[in-house]
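Where a number appears in this text, it was derived from the coordinates with a stated rule and is not lab data. This is a predicted model, so every value here is computed, not measured. Note that each Cβ is placed from the backbone with ideal geometry, even for glycine, and that neighbours are counted across all protein chains shown.
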Amino acid sequence: MKAIQYYGPKDIRFEEVSVKPPQEGEVVVKVMSALTCGTDVKTYRRGHPVLIKEVPSGFGHEFSGIIEKVGRNVEGFKVGDRVVAANSAPCGKCFYCRHEEYNLCENLDLLNGAYAQYITVPARIVKKNMLILPNDMSFDRAAFCEPLANVVHGAHRTEIKEGQSVGIIGIGPIGLMFARIAKLMGARVIVAGRNPIKLQMAEDFAHADEIVDLKKYPNPEKIFKDFSDENKGLDVAIECVGLPEIWEQIFNCVRPGGTVHFFGGCKSGSKVSFDTTKMHYGDIKMLSVFHHTPKYFRKAFEYIASGEVEVEKLITDTLPLEKVEFAMQQHIDGNAIKFLIKPWM
């Protein structure tokens with residue numbers, strides 16, 4: 001098959017590789033739609049200690065397709081089924097799984113290889129985190145289940161409530177999806193970003209109540225506070241950039257008694273500092289949610305199936321498999337939200 005192989009930072013190659021035959025419990029999926037992701041862009045630029053454990057490696061992790069082959073003892077799926085699979089599944093047995101913290105599973109192997117004509121899905125994912133698509137759900141929309149699952153997990157763990165003021169800095173696809181989910185949960189949403197494509201999408205896709213262009217207002221703290229009830233500060237502030245300085249900045253936008261969610265992952269070894277007086281005496285809740293769980297993968301699936309989250313609006317363009325490196329560079333240059341990759345173009 002044709003596939004993108006990851007060899008190291010800024011070294012990905014379009015190659016012919018063998019399709020891994022399905023072992024017991026596994027399935028081979030013919031990839032019909034794959035999506036570029038901010039995590040893939042970070043990995044392309046600087047590697048990833050969790051996502052890529054050895055090289056060369058398959059690359060890409062958001063996909064949907066058609067089951068091409070099934071291994072022994074696969075239950076509930078057959079050749080020809082239209083499916084979407086997550087990029088991981090918890091073991092159910094380790095310390096964290098026993099505490100129902102499935103996203104922290106000690107045996108959480110992350111599946112890569114969506115930028116390819118076929119992908120072999122491990123047995124545990126087949127059993128716990130693969131779903132059959134309804135007839136009216138396109139492959140393109142279904143491929144959004146994994147990224148949206150991360151956001152739904154984060155939004156629900158943040159406990160966003162109806163009528164709350166929610167501010168988001170960073171409106172890449174994750175920030176935009178956070179804004180949309182927060183709106184669906186009944187919040188009043190203000191977002192801040194720099195990219196004109198994403199600022200427009202904050203209106204067209206997320207339906208944010210207020211949109212702040214950080215090129216005009218580089219420090220949105222006052223605007224965020226003005227947006228909040230009685231100018232006290234945001235009920236919920238969410239960071240979706242992954243830069244230490246933005247973590248520190250958004251901390252100053254939340255009100256006493258509010259919640260700060262640091263969703264954007266910073267570079268390994270990054271340090272931040274906060275005013276402990278404001279944090280302690282302000283009774284501020286701070287959290288950072290990683291990844292998704294089978295529960296939230298299914299909730300994301302439901303949001304997409306219902307049409308409440310029109311994920312297809314986030315697609316900037318459709319590209320063939322050999323253009324993945326071009327897509328990575330377009331993301332780096334700020335010219336895209338998400339590319340739809342079609343391995344059979």
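What the table shows:
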quantity	calculated
Cα pair distances in the chain, grouped into 10 Å bins until the bin that holds the longest one, percent each	6, 25, 34, 24, 9, 2, 0
Sites matching chymotrypsin sites (Phe, Trp or Tyr not before Pro) across the range 227-327 that sit in DSSP coil, with at most 15 neighbouring C-beta atoms within 10 Å	274, 290
From phi via Karplus (6.51, -1.76, 1.60), per-residue ³J(HN,Hα) for the range 129-140 in Hz, x at Gly/Pro	9, 10, 10, 7, 7, x, 4, 8, 9, 6, 4, 4
From the C-alpha gyration tensor of the range 42-81, square roots of 5λ in Å	30, 12, 8
In degrees, nearest ten, helix 173-184 long axis to first principal axis of the chain (Cα)	70 degrees
Degrees between helix 145-158 axis and first principal axis of the chain (Cα, 0 to 90, nearest 10)	30 degrees
Estimated FRET transfer efficiency when R0 is 22 angstrom, pair residue 203-residue 306 (beta carbons, to 0.05)	0.55
Over the chain: helical MRE at 222 nm, DSSP H runs n ≥ 4 each giving -39500 (n - 2.57), nearest 500	-8000 deg cm²/dmol
The range 151-287, Cα convex hull volume normalised per residue, Å³	98 Å³
From phi via Karplus (6.51, -1.76, 1.60), per-residue ³J(HN,Hα) for the range 256-264 in Hz, x at Gly/Pro	x, x, x, 10, 10, 10, 8, 8, x
Kirkwood-type radius of the range 1-155, with distances r between different C-alpha atoms, in Å	16.0 Å
Label-zone membership for the range 267-285, site residue 221, 7 angstrom Cα→C-beta point, backbone N under 20 Å	271-285
Residue 69 long-range amide H proximity, modeled H, under 5 Å	28
In the range 166-225, the trypsin sites (Lys or Arg not before Pro) that fall in loop regions by DSSP, at most 11 other Cβ within 10 Å	215, 216
Local electrostatic count, residue 306, Cβ distance below 15 Å [Lys/Arg +1, Asp/Glu -1]	0
³J(HN,Hα), Karplus 6.51/-1.76/1.60, whole Hz, each residue of the range 4-16, x for Gly, Pro	8, 10, 9, 10, x, x, 6, 9, 10, 9, 8, 9, 8
